[in-house]
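One structure below.
Since every read-out is calculated from the coordinates, none of them should be taken as a lab result. Here the structure is a predicted model, which means the values were calculated and not measured. Because the Cβ atoms are built from the backbone with ideal geometry, glycine has one as well, and the counts that use them run over all protein chains shown.
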Amino acid sequence: MAILLESAFVSAQELFSRTENLVRVVLSGRRRNMQTAFERIDIRPVLIKGTLAIQVMENDGRVTTAKNYALGQLDFKALIESGYSNILVEHTSGALSIRITKKGEALVHEDKGARQQNLEHDRKKERLLDPSDPFLIEVGISDTSGKIKPSKQDKYLQVEEFLRILVPTLNGAIEAGHIAKPTDNEPLTIADLGCGNAYLTFAAHQYLKSIGMPVKVIGIDIRTQSLKRNSEIAAKLGIEESLIFKAEAIDQMSIQSADIAIALHACDTATDDAIAWGVNGGSKILLVAPCCQHDLQTQMSNVPEPWNLLTRHGLMKERLGDLLTDGLRAQLLKLLGYRTDVIEFVGGEHTPRNIMIRAVKTGAKADPQDRKIYDQMLSQWQISPALEDRLQF
Ligand SMILES: C[S@@+](CC[C@H](N)C(=O)[O-])C[C@H]1O[C@@H](n2cnc3c(N)ncnc32)[C@H](O)[C@@H]1O
């Protein structure tokens, strides 16, 4: 039911003020022409040393930060009016859901299902992948007793955190109509490029299946031993129909397109091959965590002043080269109609290669100024990024 925004906000505030019945509030999405400080905010009452407080978990798409407020201290009104397009208030006897349309109307839905309050303060982070899941044992992340092997802890977390970004990005793209809702006849297609031992490939397949998403995943790696190993595991798990592998170079793939292209640490310009494959085939989402980068490092010989201040130190030259590479990749994607951001997908303690380029195809027309600054960067540094050569640009 569409109602005036103001009265929807008043109803949400009223429910929020009844702390004794409040289960949680979730703010997500962005209203037209408004910027939000976070991707998602979760609010719930918690008991801290016997005193009721309000916990606010702010997620910026990468990390979640928790803040606790004494009752009455949180400016809830300001928060719900600050630009989020979806407001969900759950209480012990139902839920109020408000979706704010592009026209600024409030579509309100109420349900009367009972819900339970959980006032525990330190809830453990919910794992997406159960360490004892047979696929984790088969791919070698977990031991036969279902515990993560110490040597694979970092890879497990990289994969989990990758999924934590993949899933909301996918849901957002489906909600916005950028990707059609997958069906059994037309499942979501995902290509994992440079899949190696396919930890992420299996995880994406198994996790999406577990939440009821029809999906077909393909893992690509140039090495035939990867194909053999991964196909055998898929067959053993009985999932070889919807999870297939191919031993191919990314720039010579026999498959033309997928809804989503992902790449975790594809070496050097294989990351550019992966981005280019996704863009040229019309992928709607690209999630790419680059690895070592040598392409621009070798081209950075005519350093524009005063940047020599950094590049005379080998270490800094290397890091600057990485930043230039990823900055230019992100800018190219933006110019090609992708909403693009660069985020840390996992803590630096789990891999120094923890940057992810996330791009969602919206088809937005590029601002000529963005093209100008891209060209300026290239001409100042006298460089030519590998990605540009691979794109119809
Ligand atoms: C660092 S490993 C990462 C593997 C996996 N994504 C992971 O995170 O565990 C990079 C993989 O990319 C593969 N690779 C490198 N260049 C490739 C190319 N041009 N085409 C296909 N695979 C490639 C390598 O064989 C290797 O298995």
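Rounded to 0.05, the FRET efficiency of the ARG223 and THR183 pair, given R0 = 35 Å and the Cβ-Cβ distance, is 0.55. Think of segment 134-390 as a dipole: +1 on every Lys or Arg Cβ, -1 on every Asp or Glu Cβ, centred on the Cα centre; then among ILE285, GLN369, LEU296, ILE285 lies furthest on the positive end. Relative to the current alpha-carbon distance between GLN299 and SER7, full extension at 0.36 nm per residue lengthens the span by 99.2 nm. Here's the picture: a label point sits 7 Å out from the Cα of ASP75 along the beta-carbon direction, and within segment 33-56 the residues with their amide nitrogen under 14 Å of it are 37. Multiplying the residue separation of ALA249 and GLU138 by 0.36 nm and subtracting their alpha-carbon distance yields 37.4 nm. The Rg/Rh ratio of segment 2-111, with both radii computed over alpha carbons and Rh defined as the Kirkwood radius, is 0.96. Treating the angle as unsigned and between 0 and 90°, give the value, to the nearest 10°, between the Cα long axis of helix 199-210 and the longest Cα principal axis of the chain. For helix 199-210, the angle is close to 30 degrees. Summarising the label geometry, the points placed 7 Å from Cα in the beta-carbon direction at SER379 and SER93 lie 6.9 nm from one another. Among the listed pairs LYS181/LYS209; LYS216/LYS236; LYS209/LYS236; LYS216/LYS365; LYS181/LYS365; LYS284/LYS334, which have their C-alpha atoms separated by more than 20 angstrom in this model? Result: LYS216/LYS365; LYS181/LYS365 exceed 20 Å.
Computed from Cα positions, the angle between helix 270-280 and the longest principal axis of the chain comes to roughly 70 degrees. Label point 7 Å out from LEU107 along Cα-to-Cβ: which residues of segment 67-93 have amide N under 16 Å? Flagged as within label range: 85-88. Across ASN21, ASN118, ASN185, mean-square fluctuation computed from a Gaussian network of the chain (C-alpha pairs under 10 Å connected) peaks at ASN185. Each label point was placed 7 Å from the Cα along the Cα-to-Cβ direction; for ASP268 and LEU52 their separation is 6.2 nm. Charge tally around PRO214: other residues with Cβ under 9 Å, Lys/Arg +1 each, Asp/Glu -1 each, net 0.
Its alpha carbons give the chain an Rg and a Dmax of 23.2, 67 Å. Figure the gain on full extension for LYS209 and ASP60 (residue separation times 0.36 nm, minus the Cα-Cα span) and round it to one decimal in nm. Roughly 51.0 nm would be gained on extension. Within the listed set GLY337, GLY50, GLY212, the Gaussian network model of the chain (springs between alpha-carbon atoms below 10 Å) gives the highest mean-square fluctuation for GLY50. The per residue volume of the convex hull around the alpha-carbon atoms of segment 270-352 is 119 Å³. Only lysine pairs 8 or more places apart, or on different chains, with alpha-carbon atoms under 21 angstrom apart are counted in segment 2-111, and they number 4.
With the cut-off at under 19 Å, measuring from each backbone N in segment 255-290 to a point 7 Å along the Cα-to-Cβ line of GLU344 picks out 265, 288-290.
Counting alpha carbon pairs within less than 8 Å and at least 6 residues apart, what relative contact order, in whole percent, applies to the chain? Intermediate values should be presented prior to the final figure.
Values: 709 pairs, mean separation 43.0, N = 393.
Relative contact order, the chain: 11 percent.
For segment 145-211, the list of trypsin sites (Lys or Arg not before Pro) that fall in a loop by DSSP and count at most 13 other C-beta atoms within 10 angstrom reads LYS147.
Only DSSP H runs of four or more residues enter the estimate; each adds -39500 (n - 2.57), and after division by the residues of the chain the mean residue ellipticity at 222 nm equals -10500 deg cm²/dmol. In the chain, the longest principal axis of the Cα atoms and the axis of helix 5-17 are about 70 degrees apart. If both residues of a DSSP beta bridge must be in the chain, then about 75% of such bridges are antiparallel. Placing +1 on each Lys and Arg Cβ and -1 on each Asp and Glu Cβ, with no other charges, gives the chain a dipole about its Cα centre of roughly 500 debye.
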